[in-house]
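Please read the structure below before turning to the comments.
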Amino acid sequence: MSEIEPTELGTRLNSGDDLLILDIRHEDEYEDWHIPGSENIDVYDELTESEDEAVEEALSEIPENNEIVTVCTAGIVSERATDVLQDMGYEAKTLVDGMNGWSRVHRSAPIDIDIDGTLLQVARPGKGCLSYVLISDGEAVAFDISHYTEEFDALLNDYDAELVGVFDTHAHADHVSGGRDFAERHNVPYYLHPADALSIDVTPLEDGQTHAIGRVDLTVIHTPGHSQGSVTFAIDEKALLTGDTLFHKSVGRVELGVEAGIEDTDVESNAATLYESLQRLRNQPRDPLVLPSHDPGSPEPPVCARMSDVETENTDLNRSRESFVETLANDIPDHPPNFQRVKGVNVGNDTVADEELSTLELGPNNCAAE
């Protein structure tokens, strides 16, 4: 069997290798979520029904000089596509675990920032998620991490740093946080704003609170709106970890907690609250770097931008208060898959077995307002 691991695929794509990523899923699934740069030829039904002639006809126009990687949801039906392509004379491999496997890939890079320490951004390209690890004077803290915590253990080992705390900017709706488990395993505090910690024990975050991480100061700014407990972390007034409150070209959506049944509010008041939170961030000194928890597509770290540049490029920041509230309350994009249950797990109202985690998260993050 010819296979390629997701991590190897990510490395080869990042290095510019000439690969044809062939996604054989239904067109609507592909349009919803796919590997950037991949091509879609929908032969899923024909493959499952062993209609080899129809499959060969659909695939016959593929250039012969390409190395092909076939993709489906879990890497099962795409194995059949690889067999057919090889019988046709193509060089083809199957992406192990398909889009599920692609969702597990993590990449990291240091951010160019003038602090007495190192700030790493950890990108999860299959989900568009961005996590962070701050290291200073041998101490480390992690922010908004995935449940693939071994990726973060590896970074701690690489930098010979001791974990002293784990932080979440909010209770996420698109992926299950690994924060609690990571903190418990390392016997360190797990920090979350109490408004988002409905049924879990946390070390509470408060507006204005400051934490010293080695020789770097971390200040909590309560920025509700996307969720009632959303916070932003200011790092030595040089950078803002904005979570899902502020993205580079959008802002956090305001209806997820309401529709998940865990917020006793409404989307209009959430939008108004978010507007005020954004004004507070815009008034932070020194034109800090804006470091969100998501980036669309397949982010290659480091993904960062100055607040002044975000203000220029971000349409939502240039709306009037009235227009902002009306737009966010009424122009609702597609929801993240399984967001009610994901949100429930992260606030402590629900549980999920380890073997279900990957399937629960499968799909795009969709946490931006547009």
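Looking for something touching an Asp or Glu at 6+ places or on another chain (Cβ under 9 Å) and in contact (Cβ under 8 Å) with a residue 40 or more places away in the chain - is there at least one such residue anywhere in region 56-64? So far as region 56-64 goes, yes, one or more of its residues are touching an Asp or Glu at 6+ places or on another chain (Cβ under 9 Å) and in contact (Cβ under 8 Å) with a residue 40 or more places away in the chain.
When you check S146 against the structure, is it closer than 22 Å to V164 by Cα, under 25 Å from the mean Cα position of the chain (by Cα) and touching a residue at least 24 places away in the same chain (Cβ under 8 Å), yes or no? The answer is yes for S146. Kindly check whether there is at least one residue in region 315-336 that is open to solvent by less than 40 Å² (accessible area, probe 1.4 Å), in a loop (DSSP other than H, G, I, E, B) and out of contact with any strand residue (DSSP E or B) (no Cβ under 9 Å at 6 or more places or on another chain). Scanning region 315-336, I find at least one residue that is open to solvent by less than 40 Å² (accessible area, probe 1.4 Å), in a loop (DSSP other than H, G, I, E, B) and out of contact with any strand residue (DSSP E or B) (no Cβ under 9 Å at 6 or more places or on another chain), so the answer is yes.
Yes or no, residue by residue, for (1) closer than 20 Å to D244 by Cβ; (2) of a type outside the set (K, R); (3) in contact with a helix residue (DSSP H, G or I) (Cβ under 8 Å, 6 or more places away or on another chain):
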site: G138; (1), (2), (3): no, yes, no
site: A142; (1), (2), (3): yes, yes, yes
site: E150; (1), (2), (3): no, yes, no
site: L155; (1), (2), (3): no, yes, no
site: D160; (1), (2), (3): no, yes, no
site: G165; (1), (2), (3): no, yes, yes
site: A195; (1), (2), (3): yes, yes, no
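With a requirement of 3 or more residues that are at pLDDT 95 or above and surrounded by 24 or more Cβ atoms within 10 Å (Cβ to Cβ), the strands (runs of 3 or more DSSP E) lying completely within region 216-279 that satisfy it span 231-235, 239-243. Looking only at residues in region 194-204 that are free of Cβ contacts under 8 Å to residues at least 60 places away in the same chain and in a loop (DSSP other than H, G, I, E, B), the one that is most open to solvent (accessible area, probe 1.4 Å) is D201. The condition of being assigned to a loop (DSSP other than H, G, I, E, B) and closer than 20 Å to L317 by Cβ holds for only one of D207, D287, that being D287. With respect to I62, is the statement that it is surrounded by fewer than 18 Cβ atoms within 10 Å (Cβ to Cβ), under 30 Å from the mean Cα position of the chain (by Cα), at pLDDT 90 or above and not basic (K, R) true? Here the answer is no, as I62 does not meet what is asked. For region 280-290, give me each residue that is closer than 21 Å to F324 by Cα and at pLDDT below 95. Listed by number, the list is empty, since nothing qualifies.
The values are calculated or read from the model by the stated rules, or taken from the named source; none is laboratory data. All figures in this text were calculated on a predicted structure; none of them were measured in a lab. Heads up, the Cβs are rebuilt from the backbone with ideal geometry, glycines too, and the neighbour counts pull from every protein chain shown. Surface areas here come from the heavy atoms of the whole protein model, side chains and all, with no ligands, DNA or RNA. Shrake-Rupley method; radii C 1.70, N 1.55, O 1.52, S 1.80 Å.
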